[in-house]
Amino acid sequence: MREAGGVTIWSASLDAAPAAAAPAVGRTASGARAESLRALAAEPFDVVVVGGGITGAGVARDAALRGLRVALVERDDWASGTSSRSSRLVHGGVRYLEHGHLGLVFEASRERRLLLHLAPHLVRPLAFTWPVYRGARVPRWKLRAGLLLYDALALFRNVGRHRALAAGDVLAHEPALAAAGLTGGARYWDAATDDARLTLATALGAREGGAVVLNHAEVAGLRLDPPDAAPGGAAGVRARLVVRDRIGGGCVELRGRAVVNAAGPWGDRVRRLADPAAPAAVLGAKGVHVAVPARRVGNRGALTLLSPRDGRVMFVLPAGPLTILGTTETPAERGPDEVRATEADVAYLLDAVNAAFPGARLGRDDVVSAWAGVRPLAAASVGTAGSGGTGSASREHAIDVDPRGLVTVSGGKLTTYRAMAAEVVERTAAALLGVRLPPSPTATIPLPGGELASVGAASLADLERAAGARVGDAAVAARLVRAFGARWPAVWALAEADPALARRVVPELPYVGAELAHAVAHEQGATLADLLVRRTPIAFETPDAGRRAARRVAPLLAPALGWDAADVEGALAGYDREAARLFAVDD
């Protein structure tokens, strides 16, 4: 134990942590954050979830809505790892058909259908064009057969069924595509999402369901003990965790009857806090995306392409003024904190798009941003993938139950997070809590903002029309609706109360200060990276990774964040470091 600025810091081993100590809250841990810290330490939880990506947020929401007392803690920010670095798709996984993962495709198709209804503002239909060229690894007949199976596994209840296209039809949809060697293609449906806000909405949904949720709260120690009482008893505490507040300083102790380790690529680190000799359960695959100006590519919509180098399936995705190209898949040679795109990754993606769109002639200088994430694959799935390695490994998840009180979930994919979370909760309740839970309600309860009927809207288009009339800027109105759904008026009300918050943060992009102020007040936005990387995607959409925007918004939001002039300078320096960590491209 040591003292730092008057705040008690416990050792990570827990041996020096007093069992009944009051929470130590730093000077900047005030208001709602201080209240959450006190709630974390107040009494034992049924389930403590470690990891605020899509899986952990889903587990916390499912458990809370079934009546369990739940805590959710995240070392950094909601979706700050893999969950904000995906292809931004909710999809059935058409490429998984090649590897025979039919069960996963069936489940993903069902979950896609549910999410289109549960979060219509965040998950929206997206049509894909798949061109086929002479000599392609996937010829027209194979593509047609695969897409027929794809529709069948969705029980023919997707947004629309696939349609075979002649070469002329393909060019009618995407006239900038290379015409030489084009034999035809197909058009099929999946869905696009805002991955970071989908994760955030799920975490907020957990909070609204009764969970105590806190970001920037790092698990620094974990001890698993024999339970104080039989499973299902009033006590039954098996786990004690030291959680360090990375914003205000100090630590609190959490007690739980069960801990769910949903830390994704960091999952083995969490397991080894309790058991330093625990074997690896998670292996990582690095995926890289780049964003380039859409006008340079010339795509009208989304496309599925095969890389001319190795035949890998990749996507060309519309993102407002940008086009996103992705993704690579290579073994992760660095840890998830250090993973970045390399020049070779960028060249691989640019070469593929230049081959398909010969007029693009994209070069390195055209890249607006490049980023990498680590997909947390269950080690067993990689071990059985054969020569295909991570590319052919299943995206199905694995659940490991330690009878001492730790449940570790690894693998899985963003699309199937809701079903995966329900299974984790049921396994945890049966194996560690000794209780029988009611069925999961998450298939019917909309995510926050998805309650269109509550505001009298029949569709997202209705909301956008209403927002446009009130906001007076169609692009900003569309952004507010697609980020906040039925709850957009609460955000715009801040702009109406303070005209400074009605201004765009970046003139060319539809993000206003009111979004950021709302994030600080209601979405646990605590750092500039929280605001510019995840609450909005400004860092992804500006060539300087949002650095100039940070210098505009830091003084604006300083009063709400409790920052003085020195704090602002420190926050800006911290943002520059974080932007470099996320968006720098290595040689």
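Coordinate-derived values only; no laboratory data. Please read all numbers here as calculations on a predicted model, not as lab measurements. So basically every Cβ, Gly included, is an ideal-geometry build from the backbone, and we count neighbours across all protein chains shown.
Here are some notes:
- When the charge dipole of the stretch 452-583 is built from unit charges on Cβ atoms (+1 for Lys and Arg, -1 for Asp and Glu) and taken about the Cα centre, the candidate among A517, L460, A545 whose Cα reaches farthest toward its positive end is L460.
- Note on the chain: the C-alpha convex hull projects to 25.7 nm² when averaged across all orientations.
- Anisotropy class of the stretch 452-583 from Cα gyration tensor, a/c 1.5 cut: prolate
- When each of the peptides 183-191, 72-80, 491-499, 368-376 is scored by the mean number of other C-beta atoms lying within 10 Å of its residues, the order from highest to lowest reads 72-80, 368-376, 183-191, 491-499.
- Crossing angle, helix 195-208 versus the chain [Cα axis fit, 0-90 degrees, rounded to tens]: 30
- Positive-end residue of T330, H216, A166, charge dipole of the chain with Cβ unit charges: A166
- Net +/- balance of residues flanking G51 in space, Cβ distance below 13 Å, scoring K and R +1, D and E -1: -2
- Along its first, second and third principal axes, ordered by size, the stretch 128-249 spans 69, 36, 29 Å in Cα coordinates.
- Rounded to the nearest 10 degrees, the inclination of helix 474-484 to the longest alpha-carbon principal axis of the chain is 50 degrees.
- Projecting the Cα atoms of I445, L122, P358 onto the dipole axis of the chain, where Lys and Arg carry +1 and Asp and Glu carry -1 at the beta carbon, places P358 farthest toward the positive end.
- Overall, the chain carries a charge dipole of about 1340 debye about its Cα centre when +1 sits on the Cβ of Lys and Arg and -1 on the Cβ of Asp and Glu, all other atoms neutral.
- With Cα atoms, 0 to 90° folded angle of helix 565-583 axis to the chain main axis: 50
- Peptide packing for 464-472, 45-53 was compared via the average number of neighbouring C-beta atoms within 10 Å per residue; ordered from the highest value, the list is 45-53, 464-472.
- Rounded to the nearest 20 debye, the dipole magnitude of the stretch 452-583 is 240 debye, with +1 charges on Lys and Arg beta carbons, -1 on Asp and Glu beta carbons, and the Cα centre as origin.
- Listed peptides 94-107, 195-208 appear in the order 195-208, 94-107 once ranked by packing, highest mean of other Cβ atoms within 10 Å at the front.
- q = 0.14, 0.22 Å⁻¹, the stretch 179-301: log10 I(q)/I(0) [Debye, one scatterer per Cα]: -0.88, -1.45
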